[in-house]
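Below: one structure, written as structure tokens.
The values are calculated or read from the model by the stated rules, or taken from the named source; none is laboratory data. A quick note: this is a predicted structure, and the numbers were derived from the prediction, not measured. So basically every Cβ, Gly included, is an ideal-geometry build from the backbone, and we count neighbours across all protein chains shown.
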Amino acid sequence: MDLTNTSEAIRALAANVERVITGKRRVVELATCTLFAGQHLLIEDVPGVGKTMLARAIARSIDGTFKRVQGTSDLMPSDVTGSSVFDQTLRAFTFVPGPVFTHVLLVDEINRATPKTQSALLEVMEEGSVSMDGNLHEVPRPFFVIATRNPIEHYGTFPLPEAELDRFGLSINVGYPDADAERRIVIAQMDSHPLDDLEPVTEPDSVLAHQAAIRTVHIDPAVLDYALTIVRSTRGRDDVVLGASPRASLAIVRVSQALALLRGRDHVWPDDVKALAPTVLGHRILLSPDRPPGRSESAAVVEAVLRDTPAPVLPSTAHDTGT
């Protein structure tokens, strides 16, 4: 597929979602790039800032199916992946698919589900399939998981296993809208909801084709080494117990390729990598016990790594300012 078409598709999807998610262009662009890069998204923020709306808007924009799972302490793995049920007519067990069999899956307040239930997502997020009774069941493609986590409330919540955190390509926060954006949000929903009138701008098969095209976006060896050095520099630090994995290297490269196309380029610049590093690496870093936990502390580690890692100077990047 022509990369120009993919660039236009990414921009069109972002613009369409922005009709619903007001005043949050960077959030919408990061979510869009995550989808087209074939990654999954974790949103850590307080209630009411549009996390669910973002997931629904993306599903409608790609004309895909949408399912929602509410994290609770009594949620079972079979409530997520599905289960085998005995069919009296057939006199045999048949597989009843769970909500993961969709294009866009929203797992709301994922940290309210027990670690056992959270682990049910590990296979499907990585492999795009569910193993049940010796059979492999493929989920629809594209398959995009958006999970939310409230960083303020801790009562009745469980930590996310490191293996699960590592399967999210990006972790972002939405934040409160500014005064003007909040006013436009309220006015837009006086008579109806903007989501009701949102029309698709692409379809699932096209998204798959664009995901394949993104892999062909050029990344200079020096830029690739820059990205890999950033990831590797999170390991072996005195203030970090567990650094970012090779899966993080794959994520930062793939999403950088999507971001380059969003910016109208067919090649990755160092500023693409630098802009994405905090959202790709922050949630993957396990800090040492003598450092207080939290998003800001992990972000500080990533910022220190970026300061200590010189970006390559390429002729084509002389005037790039990033986002």
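Values for this structure:
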| read-out | value |
| --- | --- |
| Single unsatisfied condition, D180 versus (1) among the charged types (D, E, K, R); (2) part of a loop (DSSP other than H, G, I, E, B); (3) in contact (Cβ under 8 Å) with a residue 60 or more places away in the chain | (2) |
| Members of the stretch 37-70 that are more than 16 Å from the chain's Cα centre (by Cα) and in a helix (DSSP H, G or I) | R60, S61 |
| Qualifying residue in the stretch 241-259 (condition: in contact with a strand residue (DSSP E or B) (Cβ under 7 Å, 6 or more places away or on another chain), surrounded by fewer than 23 Cβ atoms within 10 Å (Cβ to Cβ), at pLDDT below 95 and not hydroxyl-bearing (S, T, Y)) | yes |
| Within the stretch 210-240, considering residues that are part of a loop (DSSP other than H, G, I, E, B) and in contact with a His (Cβ under 9 Å, 6 or more places away or on another chain), the one surrounded by the fewest Cβ atoms within 10 Å (Cβ to Cβ) | D220 |
| Which numbered condition G175 misses (of (1) surrounded by 18 or more Cβ atoms within 10 Å (Cβ to Cβ); (2) outside any helix (DSSP H, G or I)) | (1) |
| Filter result for the condition that a residue is in contact with a Ser or Thr (Cβ under 9 Å, 6 or more places away or on another chain) and either β-branched (V, I, T) or farther than 19 Å from P312 by Cα (or both), over E203, E199 | E199 |
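Residues checked against (1) in contact with a strand residue (DSSP E or B) (Cβ under 7 Å, 6 or more places away or on another chain); (2) within 25 Å of S61 (Cα to Cα); (3) surrounded by 16 or more Cβ atoms within 10 Å (Cβ to Cβ); (4) aromatic (F, W, Y):
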residue	(1), (2), (3), (4)
H154	no, no, no, no
F168	yes, yes, yes, yes
A181	no, yes, no, no
S192	no, yes, no, no
D197	no, yes, no, no
